[in-house]
Amino acid sequence: MPNFTSKTKTRRICFAALLAAMYLPLSLYAAVQMGNVRISFGSLPVVLAALLFGPLDAVAVALVGEFLKQMLTYGVAYTTVLYLIPPALRGLVIGAAAVASLRRGRRLEERRTLCYAVCVVAAVCTTVGNTLVNWLDSVLLHYYTPALIFGDFFYRLGVGMVNAVAMASLALPLAALLRRQKMFSL
């Protein structure tokens with residue numbers, strides 16, 4: 001386990017906060033909405049945090065970023081907290097894999113095929129989580145219809161997996177660049 005000095009702790013907290021702040025504009029403005037499906041760069045900060053710092057920081061980035069997005073998009077609702085869970089799942093899955101890979105002697109981004117596979121699995125977890133949260137929201141707020149909640153599931157699943165590959169393709173060189181600059185390390 002690395003020995004963090006006060007300077008590196010401060011730098012890590014600041015960079016995680018920056019990633020959380022980037023989540024909002026990347027989710028809202030660097031996105032294409034097609035019906036019930038959204039293709040965005042919002043997961044990029046979460047993937048970067050997971051690769052650089054591990055699951056806890058990645059989950060924190062996802063929770064803060066998604067909370068800000070929910071507040072600006074929908075405001076406070078009974079189920080707002082539920083919508084924070086799926087993005088956090090992405091950070092948890094990728095971050096846990098990054099830590100496990102590091103314990104085996106190599107960083108996850110050095111194992112490209114595994115990294116892409118983990119990002120796709122995380123996207124599947126996120127899509128399933130979003131679907132379950134949508135279902136629960138629809139049941140609690142009395143607008144449930146199977147077609148509305150599950151009708152486009154496989155389409156969203158496919159889009160999520162393609163988006164995960166794209167975000168991993170961006171995150172891998174960014175993580176390597178930040179490591180070469182000796183800015184951050186897991």
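Values for this structure:
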{"quantity": "Which listed residue, of Leu132, Leu114, Leu72, Leu141, is at pLDDT below 95, of a type in the set (A, V, I, L, M), open to solvent by 30 Å² or more (accessible area, probe 1.4 Å) and more than 21 Å from Ala17 (Cα to Cα)", "calculated": "Leu141"}
{"quantity": "Within the range 52-83, considering residues that are without any contact (Cβ under 8 Å) to a residue 40 or more places away in the chain and hydroxyl-bearing (Ser, Thr, Tyr), the one nearest to Arg106 (Cα to Cα)", "calculated": "Thr80"}
{"quantity": "Among residues of the range 75-120, those that are touching a Ser or Thr at 6+ places or on another chain (Cβ under 7 Å) and among the hydroxyl-bearing types (Ser, Thr, Tyr), counted", "calculated": "0"}
{"quantity": "Scan of the range 6-20 for residues that are crowded, with 20+ Cβ neighbours inside 10 Å and small (Gly, Ala, Ser), ordered by number", "calculated": "Ala16, Ala20"}
{"quantity": "Exclusive hit being open to solvent by 40 Å² or more (accessible area, probe 1.4 Å), among the aliphatic types (A, V, I, L, M) and not in a loop (DSSP other than H, G, I, E, B), set Leu48, Leu56", "calculated": "Leu56"}
{"quantity": "Residue match in the range 100-114 (condition: assigned to a helix (DSSP H, G or I), in contact (Cβ under 8 Å) with a residue 12 or more places away in the chain and under 15 Å from the mean Cα position of the chain (by Cα))", "calculated": "no"}
{"quantity": "Residue among Val124, Val118, Val76 that alone is assigned to a loop (DSSP other than H, G, I, E, B), β-branched (Val, Ile, Thr) and more than 11 Å from the chain's Cα centre (by Cα)", "calculated": "Val76"}
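The values are calculated or read from the model by the stated rules, or taken from the named source; none is laboratory data. For clarity, every value in this text was computed on a predicted model and none was experimentally measured. In this analysis, Cβ positions are derived from the backbone assuming ideal geometry, glycine residues included, and neighbour counts consider all displayed protein chains. Ligands, DNA and RNA are excluded from the accessible area calculation, which covers all protein heavy atoms including side chains. Shrake-Rupley method; radii C 1.70, N 1.55, O 1.52, S 1.80 Å.
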